[in-house]
Amino acid sequence: MDLSGKVAVVTGGSRGIGKAVCLRLASLGATVIINYVSRSDAADAVAKEVEGAGGKAGVYRFNVADSAAVTEAFKSILADHGRIDILVNNAGITRDGLFMKMKESDWDDVLNVNLKGAYNCIKAVNRPMMKQRSGSIISITSVIGFAGNAGQANYSAAKAGLIGLTRSLAKELASRNITVNGVAPGYIDTDMTRDLPDAVKDIILNEIPMKTMGSPEDIAGAVAFLASDDARYITGQFIHVNGGMYMG
Ligand code: NAP
């Protein structure tokens, strides 16, 4: 796979899955735009790693949930890099809890970052990609968006929303040569899952036929494929990367 000459924006590219995606896309020749919201040290370290390996990177801080900030940031990215070929909607948060006790702010925060964030970023690349008559939009959803999970109604709703958004946009944008797909990770070893109590981890591992968590690199491989010309005729689809725990 060769992504030379392409510019990829990865939201939440500073840690976990996003970081692995940045490193993989850069290793295939893409210029990667690493977005973060709070930890500039982590984002700068990813850029250094990309550049150390001979790749090209840029770091942009913006909150994906803030539509004005996203509009401004994408204007700057386009001014600085001339085009955007690949958008990876990866930034995400959890605020878990049983629905009965779930605060409205926990619902709003998760929907605003995980779903509205993708809306904001897709809005910002929609017109430039249509003008280019090419583009690849890949959203990181979750096994939870397909299967549901007690204690994650907000997260599951946001990720299921991403699935519907992806399918609808795939239909709207296909004639402009823009593909819209998703990757649905199962349980992946990142900061998001690291603090789960051991008892919960054991229950999760029991549900995974491969009996192990995935790595961020497992997700990066699927994203790279969907961003590549090898996937040019694939749109509105989801790659499940979950060790067999859910077969969609
Ligand atoms: P993570 O390790 O917690 O990293 C989250 C990343 O998102 C960080 O780079 C963070 O930036 C960024 N971020 C958070 N809120 C943001 C915002 N409002 N605006 C911009 N960036 C923001 O998470 P992860 O496990 O890699 O998860 C990445 C994606 O995969 C998420 O969408 C998650 O829902 C999904 N996913 C993960 C798993 C899993 O098992 N880990 C499973 C299924 C799906 P800062 O460092 O600046 O905070």
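Summary of values
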read-out	value
The chain - mean residue ellipticity at 222 nm from DSSP helices (-39,500 (n - 2.57) per run, n ≥ 4, rounded to 500)	-14000 deg cm²/dmol
Antiparallel %, DSSP beta bridges [both residues in the chain], to 5	0
P(r) of segment 57-191 over all Cα-Cα pairs, binned every 10 Å from zero, in whole percent	12, 40, 33, 13, 2
ALA147-LEU196 pseudo-label distance in nm [points 7 Å out on the Cα-to-Cβ vector]	1.0
Pair GLU217, MET247: separation of 7 Å Cα→Cβ label points (nm)	2.7
Total lysine pairs under 12 Å (Cα atoms) in the chain, excluding pairs fewer than 8 apart on one chain	6
The chain: C-alpha gyration tensor shape, a/c 1.5 cut-off, then a/b vs b/c	rounded
Long-range amide H partners of TYR60 with built H, under 5 Å	ILE34, ASN35, TYR36
Quotient of C-alpha Rg and 2.2 N^0.38 Å, computed over segment 140-248	1.13
Separation of the ILE203 and GLU104 label points, Cα + 7 Å toward Cβ, nm	3.0
Crossing angle, helix 216-227 versus the chain [Cα axis fit, 0-90 degrees, rounded to tens]	40
Gain in span if fully extended, LYS48 to LYS75, counting 0.36 nm per residue against the direct Cα distance	7.4 nm
Between helix 40-52 and the chain: long-axis angle, C-alpha atoms, 0 to 90°, nearest 10	50
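Quick note: the coordinates plus some simple rules give every number you see, no bench work behind them. Since the model is a prediction, treat every value here as computed from it, not as a measurement. Glycine also receives a Cβ, built like all others from the backbone with ideal geometry; neighbour counts cover every protein chain displayed.
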